[in-house]
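All remarks here apply to the structure that follows.
Computed from the coordinates by the stated procedures, all read-outs in this text should not be read as laboratory data. Please read these numbers as outputs of a predicted model, since none were measured by experiment. A quick note on method: Cβ atoms are made from the backbone with ideal geometry, for glycine too, and the neighbour counts reach across all protein chains shown.
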Amino acid sequence: MKHLYILRHAKSSWAQPGLGDIQRPLNKRGIKQVANLQAWIDQQGIVPEKILCSPATRTQETYRGIKAAVEAASFEIVPGLYNGRIDDYLQSLWIQEADRIMVIGHNPTCDELARYLTMPGSPASEKLMAHHFGTATMAAFSLDIDDWQQLGQASGSLEVMLRPKDLESN
């Protein structure tokens, strides 16, 4: 059994003209999102063994915002997660050995990967279809596989889809 947590970076800022996309930081709302997310991850006892993160500033700041809850995890920057397609995300996962992995990346790929892993027509798939995979959204999957190379289409069971608005009411 494997577990995968797909986390889209928190809300980022466009306030600095001339700053390249990869360098955009989180804005105030994004900082609040990661603080709420960190508290929720800690409360839920989610303990990834490894975190794969895009090299973008906003993904790394998202990681730093939740780091207190996931500090036991090893951390790796994966260049292919920035502007990567679903195949780039899958290839990054297929070579892993840890049982519990968190990927911190970008849309549209986080959304596409979550939909790819979910059984079409299942209640989880319907939930994904009904909701936008917005910033600071996390999808948690359990995977009935022994090796990450078995990760493929419809191989996951969506356990949780958490959006920032789910935490704002708490």
**Prompt:** Can you give the Kirkwood hydrodynamic radius of the stretch 114-170 from its Cα pairs, in Å with one decimal?
**Reply:** 12.1 Å
**Complete:** Once both label points are put 7 Å beyond Cα along the C-beta direction, the Val47-Arg64 separation in nm becomes 2.6 nm
**Item:** Cα convex hull of the stretch 47-148 - mean projected area over all directions, nm²
**Value:** 6.4 nm²
**Complete:** Contact order relative to length for the stretch 47-132, counting C-alpha pairs under 8 Å separated by 6 or more residues, stands in percent at 35 percent
**Request:** Choose one of Ile86, Trp40, Ile101: the residue whose Cα lies farthest towards the positive end of the charge dipole of the stretch 1-129 (beta-carbon charges +1 Lys, Arg; -1 Asp, Glu; about the Cα centre).
**Result:** Trp40
**Complete:** Along the dipole axis of the stretch 1-64 (charges at Cβ: +1 for Lys and Arg, -1 for Asp and Glu; origin at the Cα centre), the most positive-end residue among Tyr63, Ile31, Leu7 is Ile31
**Asked** Which value, in debye to the nearest 20, describes the size of the charge dipole of the chain about its Cα centre when Lys and Arg Cβ atoms bear +1, Asp and Glu Cβ atoms bear -1, and nothing else is charged?
**Response** 840 debye
**Message:** Suppose each label sits 7 Å from its Cα in the direction of the beta carbon; what would the Asp144-Arg85 distance come out to in nanometres?
**Reply:** 3.1 nm
**Item:** Flagged links, alpha-carbon separation over 22 Å, of Lys28/Lys50; Lys32/Lys165; Lys127/Lys165; Lys50/Lys165; Lys11/Lys67; Lys32/Lys127
**Value:** Lys28/Lys50; Lys50/Lys165; Lys32/Lys127
**Request:** Using packing as a proxy for protection, rank 87-95, 18-26, 99-107 so that the peptide with the highest average count of other Cβ atoms within 10 Å comes first.
**Result:** 99-107, 87-95, 18-26
**Prompt:** Once Rh is set to the Kirkwood radius over Cα pairs, what Stokes-Einstein translational diffusion coefficient, in µm²/s, holds for the chain at a temperature of 37 °C and a viscosity of 0.692 mPa s?
**Reply:** 207 µm²/s
